[in-house]
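Contents: one structure, followed by commentary.
Just so it is clear, none of the values below were taken in a lab; they were calculated from the coordinates. The structure displayed is predicted, hence computed values, not measured ones. Don't worry about glycine lacking a Cβ; one is built from the backbone with ideal geometry, like all the others, and counts go over all protein chains shown.
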Amino acid sequence: MNKEHFLSGRKQQKLNTRTKILRAANKLSKQKRPLSMEDIASEAGISRATIYRYYSNTDSIATELILQLNVPNGETLTEKFKDKGLLDALLGIQETYLDFIFKNENPSKKFLGAILSSSDPKLERGQNRITAIRNFFAANDTALTKQEQEKLATIAVLLMGIEALLVTKDVCGLDHEQSGETLRWGLEMVVKGCVKRG
């Protein structure tokens, strides 16, 4: 097994464990039970030591839970857009995430604020956007090199999250519709430039 494949599998394992933890916390929350690290670990079927590798306390779990379980799933989007061309797939992934952000703007801002102000090194933002794009590249042949794919994935992520919405709405003064149009146009121009160059 090559190192790249091993690391890719390890990343997926970490994402799966994180998802188990969040689902367990969500289930306990819906039962109106107070969150404890022990109860969450038990519900997730993992050890307390494992849960502490991902989160230092229940507050960090609750913060991530605000949005994480409702965010569009990268694996699902990969499947949905697997037969599309590069431009259509990336625009479709972007539209899905922008729709989510527009519908959940205030909680998304709170989530981002909590993440940015947290001193907890284990607390990370979700990886759904980059996962969806990387999975698309892994499943489809494009004229782009691996390095170009990774750069395009990075730029695309910037154009489909709460960060981009903050800039277009709060800094530039655009409304929902103008923000969506501008971000779609930006991604389209970047993809077309990459394809033309490749």
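General observations
- Among the listed pairs Lys103/Lys169; Lys80/Lys146; Lys146/Lys192; Lys11/Lys192; Lys151/Lys196; Lys169/Lys196, those whose Cα-Cα separation exceeds 20 Å are Lys80/Lys146; Lys11/Lys192; Lys169/Lys196.
- Note on Lys11 and Lys32: the extension gain reaches 4.4 nm, defined as 0.36 nm multiplied by sequence separation minus the Cα-Cα distance.
- Between the Cα long axis of helix 128-139 and the first principal axis of the chain there is an angle of about 60°, rounded to the nearest 10.
- Cut-off 10 Å between beta-carbons: net charge of the residues surrounding Cys194, Lys and Arg +1, Asp and Glu -1: +3
- As a rough guide to protection, the peptides 31-44, 174-187 ranked by mean Cβ packing within 10 Å, highest first, stand as 174-187, 31-44.
- Relative to the longest principal axis of the Cα atoms of the chain, helix 3-30 runs at roughly 60 degrees.
- Positive contributions from Lys and Arg (+1) and negative ones from Asp and Glu (-1), summed over other residues with Cβ under 11 Å from the Cβ of Glu43, come out at +2.
- If R0 is taken as 41 Å, the Cβ-Cβ distance between Arg53 and Arg184 corresponds to a FRET efficiency of 0.60.
- Principal-axis tilt of helix 86-103 within the chain, Cα atoms, nearest 10 degrees: 50
- Relative to the compact-globule estimate of 2.2 N^0.38 Å, the Cα radius of gyration of the chain comes out at 1.10.
- Ranked Tyr52, Tyr97, criterion: other C-beta atoms within 10 Å, fewest first: Tyr52, Tyr97
- Here the peptides 76-84, 162-170 are ranked by packing, the mean other Cβ count within 10 Å, and the order with the highest first is 162-170, 76-84.
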